[in-house]
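S.K.: The structure follows.
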């Protein structure tokens, strides 16, 4: 394997709870190659979501480094990090987290407002993304008018619309029924295989874990293989 | 466009809350506008005064009168174009409730010096010819249903007795700011009666009105007149009509100051209400702000959304408030024309309305924006679950 | 039994109170808005109360004041010597220690004086007094200096005036009516209108102003009950054209126009302002209910009645109003240190008065604040109590 896409070295993170410092991640080192479908599993409180947040650049570590595309995230300022996220990371959350007052189309369009794209270009990208997730006919609906599975597909469309190389998904099927969950997993798998997206997913769901090309377990802040 | 749409939709996510906040701001802007207008009505007399007119009164205080014989000596002063005189009569119509400014004047010279009172030539000459004639302002005549030719009886508070007049004319104001609520009659009629009943009070007048040839001469003429009567039994104090009017206002200045302060208090009250709305709104949306941040939106986007929303609410409230100010002020003016003959909304009030609602919007957004910008994404996301 | 016990269970007040505390910013802003409204309300009531108090305390119930018929105030009045003699010989008049009747002829004229720090004149009352004047007004004390000597151009000045106008400090000279008047003393008349006056010898002042008439006659009654009969006799006496009033009535009439103006202005203003504050309370209480739908469902599932929920939310709104009311009153109580000085329209001259806080105003303000909270909280509280348990739990 040549240079890995994500390279994590001696990562340490703890939270303060009251006066106590609670360790969450203890000395994690990990490489993730381009095009991987990596699943992180572990009991709640094991630190898997924290690790995901750190890779996605929405949280900062106490020590250690994360290098993605040869960029050391710890060296980036807040606003540089925000710009970096906008172009490299797509998020999928357990509760979809769509903006309730915007339509599906507008929700997907949101990340593109940070780019210099013209209105016309934005429309093309949004329509493509929605076509990929199979929701072309639901563009003008608000989140409250969509089912859970459909909302999660809108969220995935929003995650891929700016064509990031990495998708991070935190329990994407956690709030869905079985059929919808299968659909979402198929979709993620397709994005990995056909579009070459690197996917890092946290889940409890053993069926979701089966889709992984690589499976890691975290327990009490330590990787157990 | 997208941003505006997002702001509007966000603002009305809680329809009831948004409507209540807008109503609150509208009420505040309305009361602020009305209070400002009350204050400017207070100063209306001073604003309407002419720079060419001086007023001489007894130096001790207005309650003391001046001998009417001063008139000829004042006319000799260099720079004086015309002299008239008037006496505050202080009459009431039927009861004390119907009080209005009434003056005994020397008709021909007085009307000549007040071109802002428009009276037809025939009515003017009718008035001058009738010793018991009187003239009333349009609003005053409307209030009491007087028509030209009617007989009007006033009760004197300073000059005891019942005084009967014939209404010979109704004047109109030249400008919107002209007081149409005054009442004038012949000084001679008053004086003849006084000569008979209380000769001690006869041949006296309250003030002299002096028209100067040019406004530049005002202070020079005023000094010359006061010099004439220095060390006499009735010394004069001469000042411009505006200064004279402002003397009255400055005596009740405490009330004006209080009204001014109170008009800003209502803005602070509504600032608290709007800030509360925005604090609640932002608290509910911390999760959304975290998601936007995770997508790469910067602090200025988040702050912009919050400020945009609060300013939008404030401006909608402002527009509604200004829209209400006009009809309410008109109703106010109709009710209170006895106290405030001139009740007009100034343009500056509207600008101030706009400025203050912007301020309310910005202040209301300040604290929530600060909190939303500072929130860490990971914490914000956790709130959602 | 257990069911009945639950049915009567009240949600403790602490629940409402803690809910306010958890959302500190919102509570602070809402109560703050109400506090400002209460502050304005209380201040205006204090002001009109202070004005009335000042003028009412100026008069005494035992004293009767005589003015010309139809004159609103002493300023417009005139009583000549013959009329004065008739009145002074009435049997109802009380006598002093020397046996002479307690009666004083006084002259009142306004003069323009310059306020310190400005160049604008304001009218101040000059009162010409007699020997008896001070006997009849026991509230007056000489703070500095002495009384004016009879027959001299000496004056004493009320302490409200001495402080605020130039030329009337002790030892200074004041020029009016072509004469120089020496200020020989400062007097304190408490919270009365006299504190805003300048006093000098009546005959001297009449001469200087060339006034042949007195403005008023004031006398002490031997017995207060004699007043109605005396009033009727004097007012129907053909040689007199006078109005007979108790001093208290006279001074109440003096304050009427101004106090009414302040009160009407105040009540309409606070009425409008309170709408704003009530809207604030309404928004807060709506949000308070909306945020706690699941909690309300839980409480109902535990067995609390609709009424208990209603009362808990009303209590929250009332506490909010109470907090606003108390802060508003505390703010307003500082206004007592401020003295307002303005022209009283009735007398056309300067009058100084203070904000005066009374228990009645405190109670009115609190009731007003609680009413604002109650009205703001009523609809949301009813809404909360009407929630269906199942729906509420699902939220």
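S.K.: Peptide B:281-287: average number of partner chain Cβ atoms within 10 Å per residue?
M.R.: Per residue, the average neighbour count from other chains is 2.
S.K.: Over the range B:68-204, calculate the relative contact order: mean separation of alpha carbon pairs under 8 Å at least 6 apart, over the residue count, as a percent.
M.R.: About 29 percent, as a whole number.
S.K.: Would you compute the Debye intensity of chain B from its alpha-carbon atoms alone, equal scatterers and no solvent, and pass along log10 I(q)/I(0) at q = 0.09, 0.13 Å⁻¹ to two decimals?
M.R.: -0.67, -1.03
S.K.: Contact order normalised by length for the range A:6-224, with contacts defined as Cα pairs under 8 Å and 6 or more residues apart; what percent is it?
M.R.: Details: 409 pairs, mean separation 69.4, N = 219.
Reported as a whole number, the value is 32 percent.
S.K.: Rank by packing, highest mean first: peptides C:73-79, C:57-63, B:22-28, with packing defined as the count of other Cβ atoms within 10 Å averaged across residues. Walk me through the numbers on the way to the answer.
M.R.: On the way: C:73-79: 22.0, C:57-63: 19.4, B:22-28: 26.4.
Descending packing order for the listed peptides: B:22-28, C:73-79, C:57-63.
S.K.: Kindly rank B:348-355, C:234-241, C:321-328 from highest to lowest mean number of other beta carbons found within 10 Å of each residue. Intermediate values should be presented prior to the final figure.
M.R.: On the way: B:348-355: 15.8, C:234-241: 12.9, C:321-328: 23.5.
Result, highest mean first: C:321-328, B:348-355, C:234-241.
S.K.: How large is the direction-averaged shadow of the alpha-carbon convex hull of the range B:68-204, in nm²?
M.R.: Numbers: hull surface 35.3 nm².
Mean projected area of the Cα convex hull: 8.8 nm².
S.K.: How crowded by other chains is C:17-28, given as the mean number of beta carbons from other chains within 10 Å of each beta carbon?
M.R.: Numbers: counts 0, 0, 0, 0, 0, 0, 4, 0, 8, 6, 1, 4.
Other-chain Cβ atoms within 10 Å of each residue's Cβ, averaged: 2.
S.K.: Ignoring solvent entirely, what values of log10 I(q)/I(0) come out of the Debye formula for the protein assembly as shown at 0.05 Å⁻¹ when each Cα is a single scatterer?
M.R.: Normalising to I(0) and taking log10 leaves -0.51.
S.K.: Over all Cα pairs of the range B:327-379, how is the pair count split among 5 Å bins, expressed in % and running from 0 up to the last occupied bin?
M.R.: Result returned by the calculation: 4, 16, 12, 12, 11, 10, 8, 7, 6, 5, 4, 2, 1, 0.
S.K.: Same structure again: Could you sort B:184-195, C:165-176 so that the peptide with the highest average Cβ count within 10 Å comes first and the rest follow in order?
M.R.: So the order, starting with the most tightly packed, is B:184-195, C:165-176.
S.K.: So what's chain A giving for Rg/Rh, alpha carbon basis, Kirkwood Rh from the mean inverse pair distance? Intermediate values should be presented prior to the final figure.
M.R.: Numbers: Rg = 17.4 Å, Rh = 18.0 Å.
Looking at chain A, the ratio lands at 0.97.
S.K.: Still on this model: Considering only DSSP beta bridges where both residues belong to the range C:70-240, give the percentage that are antiparallel (nearest 5). Each step should come with its number before you reach the end.
M.R.: Numbers: 27 of 37 bridges.
Expressed as a percentage, antiparallel bridges in the range C:70-240 total about 75.
S.K.: Let me ask you something else. If you line up the long axis of helix C:247-291 against the longest principal axis of chain C, both from Cα atoms, how many degrees apart are they, to the nearest 10?
M.R.: Roughly 10 degrees, rounded to the nearest 10.
S.K.: Another one. Give me the percent of Cα-Cα pairs in the range A:116-155 that sit more than 15 Å apart, rounded to a whole number. It would help to have the intermediate numbers written out before the result.
M.R.: Numbers: 315 of 780 pairs.
Cα-Cα pairs of the range A:116-155 separated by over 15 Å account for 40 percent.
S.K.: Using Cα atoms only, what is the angle between the long axis of helix B:2-11 and the major principal axis of chain B, expressed in degrees (0 to 90) to the nearest 10?
M.R.: 80
S.K.: So, one more: Once both axes come from the Cα atoms, what is the angle between helix C:13-22 and the longest principal axis of chain C, in degrees from 0 to 90, rounded to 10?
M.R.: That works out to roughly 90 degrees.
S.K.: Ok, one more. Plugging the Kirkwood radius over Cα pairs into Stokes-Einstein for the range C:70-240, at a temperature of 25 °C and a viscosity of 0.890 mPa s, what D comes out in µm²/s?
M.R.: Working: Rh = 17.1 Å.
Answer from the Stokes-Einstein relation: 144 µm²/s.
S.K.: Show me the three semi-axes of the equivalent ellipsoid for chain C, from the C-alpha gyration tensor (sqrt of 5 times each eigenvalue), largest first, rounded to whole Å.
M.R.: Listed largest to smallest, the semi-axes of chain C are 61, 23, 16 Å.
S.K.: I've got another one for you. Determine the principal axes of the Cα atoms in the range A:42-175, then give the extent along each, sorted from largest to smallest and rounded to whole angstroms.
M.R.: 47, 38, 23
S.K.: Starting at 0 and stepping by 10 Å, how many percent of the alpha carbon pairs of the range B:232-341 end up in each bin?
M.R.: Once binned at 10 Å, the Cα pair distances of the range B:232-341 give 10, 22, 23, 17, 13, 9, 4, 2, 1.
S.K.: Hey, got the average number of other protein chain Cβ atoms within 10 angstrom for residues in B:292-305? Present the calculation step by step, with values, prior to reporting the outcome.
M.R.: Details: counts 6, 5, 13, 15, 16, 7, 6, 3, 1, 3, 0, 0, 0, 0.
Other-chain Cβ atoms within 10 Å of each residue's Cβ, averaged: 5.
S.K.: Now for a different question. Using a Gaussian network model of chain B with C-alpha springs under 10 Å, which one of B:56, B:125, B:218 is most mobile by mean-square fluctuation?
M.R.: B:125
FYI, it's all coordinate maths here, none of it is from the lab. The structure displayed is predicted, hence computed values, not measured ones. Cβ coordinates were reconstructed from backbone atoms using ideal geometry, including for glycine residues, and neighbour counts include every protein chain displayed.
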